[in-house]
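Heads up, the thing below is written out as structure tokens.
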Amino acid sequence: MPPIFECEGLIKSFGGLTAVNHFELQIEEGEIVSLIGPNGAGKTTLFNLITGFYPPDSGSIHSDGRSLVGLSTHQITQLGIARTFQNVRLFPNMTVLQNVMVGQHSRSKSGVLAAILRLPSFKAEEERVMAKAKEQLEFFGTRLVGYRYDQPAYSLSYANRRRLEIARAMATEAKLLLMDEPSAGMNPKETEEITELIGQLRDERGFTIFFIEHDMRVVKGVSDRVVAMDYGSKIAEGSYAAVSTDEHVIEAYLGRVSEDGADGR
């Protein structure tokens, strides 16, 4: 079987800046792979290429053997790839339940006419979508269920808004979840909880996870494999122990120190 995700020779430039430079990666089904690198390394740009926000200048992107290049974000979602963002992107005035129901939009089959006329087919699908949304929210225990269903998203705590965004991504019926800094802005206890959550998404729900992260406690705690990126290029790949001690990775984060003690970068 082909890998659930694969890219080769991926290049993306903005003017004179090459944000992604001949990047290549394979992810097998069921893996948890983390992507690390300093700010500006090209990590989020890579996610934007995978999910169709940007077209690559060259290179290939495949999921389950099918090319993603040239597809819309909606089509890529239908193929089983969903994402969360570094800055939480919810519909703040919609309820918790409605936000997750939106995740089923790419799977909906009822047309506009059926919705306007409230045909039985539309009502049946609406019930199915609601049940699917509640199923995803129940994964998070008591934090997003019960009276929370009818609360507007803006009223949630920051950590619960993060969870809600993950629930919406789950509701797309994705196979591969891309998560952009899932622990950003969280306190140590919340960071520990999100680390456990990433593992549960794979172990209990069967998702393959590819996530960007700066907090090395999260990376160490849950990654099967770590990929390091700098100046748009992959500079290391392997276990956490191997990548965290790699000379090129240390230099990317800390800079090269010359013999007189000055920063060489």
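Observations, loosely collected:
- Here the condition is being on the phi > 0 side of the Ramachandran plot, crowded, with 19+ Cβ neighbours inside 10 Å and in the same structural domain as residue 240 (by TED's automatic domain parsing); of 213, 181, it holds for 181 alone.
- Test for residue 65: is it out of contact with any Cys (no Cβ under 7 Å at 6 or more places or on another chain), in the same structural domain as residue 207 (by TED's automatic domain parsing), modelled with pLDDT under 95 and farther than 14 Å from residue 180 by Cα: yes
- Listed by first and then second residue, the pairs linking a residue in region 23-52 that is farther than 19 Å from residue 230 by Cβ to a residue that is of a type outside the set (A, V, I, L, M) and in a loop (DSSP other than H, G, I, E, B), with Cβ atoms under 7 Å apart and 6 or more places separating them unless they lie on different chains, are 26/3; 27/3; 28/3; 31/224; 32/223; 32/224; 52/72.
- Some residue of region 205-214 being of a type in the set (Phe, Trp, Tyr) and farther than 21 Å from residue 32 by Cα: no
- Single condition residue 129 does not satisfy, out of (1) modelled with pLDDT of 85 or more; (2) crowded, with 18+ Cβ neighbours inside 10 Å; (3) closer than 24 Å to residue 5 by Cα: (3)
- Exactly one residue out of 204, 173, 196 is of a type in the set (D, E, K, R), at pLDDT below 95 and surrounded by fewer than 23 Cβ atoms within 10 Å (Cβ to Cβ), and it is 173.
- Exactly one residue out of 195, 208, 245 is farther than 26 Å from residue 13 by Cα, in contact with a strand residue (DSSP E or B) (Cβ under 7 Å, 6 or more places away or on another chain) and assigned by TED's automatic domain parsing to the domain that holds residue 3: that is 208.
- For residue 63, the conditions (1) crowded, with 17+ Cβ neighbours inside 10 Å; (2) free of Cβ contacts under 8 Å to residues at least 24 places away in the same chain; (3) among the small types (Gly, Ala, Ser) are fulfilled apart from (2).
- Condition broken by residue 30, with the remaining ones in (1) more than 18 Å from the chain's Cα centre (by Cα); (2) at pLDDT 95 or above; (3) surrounded by fewer than 18 Cβ atoms within 10 Å (Cβ to Cβ) satisfied: (1)
- Restricting 159, 153 to those that are under 15 Å from residue 190 (Cα atoms), touching a residue at least 12 places away in the same chain (Cβ under 8 Å) and of a type in the set (Gly, Ala, Ser) reduces the list to 159.
The values are calculated or read from the model by the stated rules, or taken from the named source; none is laboratory data. For clarity, every value in this text was computed on a predicted model and none was experimentally measured. Note that we place each Cβ from the backbone using ideal geometry, even for glycine, and neighbour counts take in every protein chain shown.
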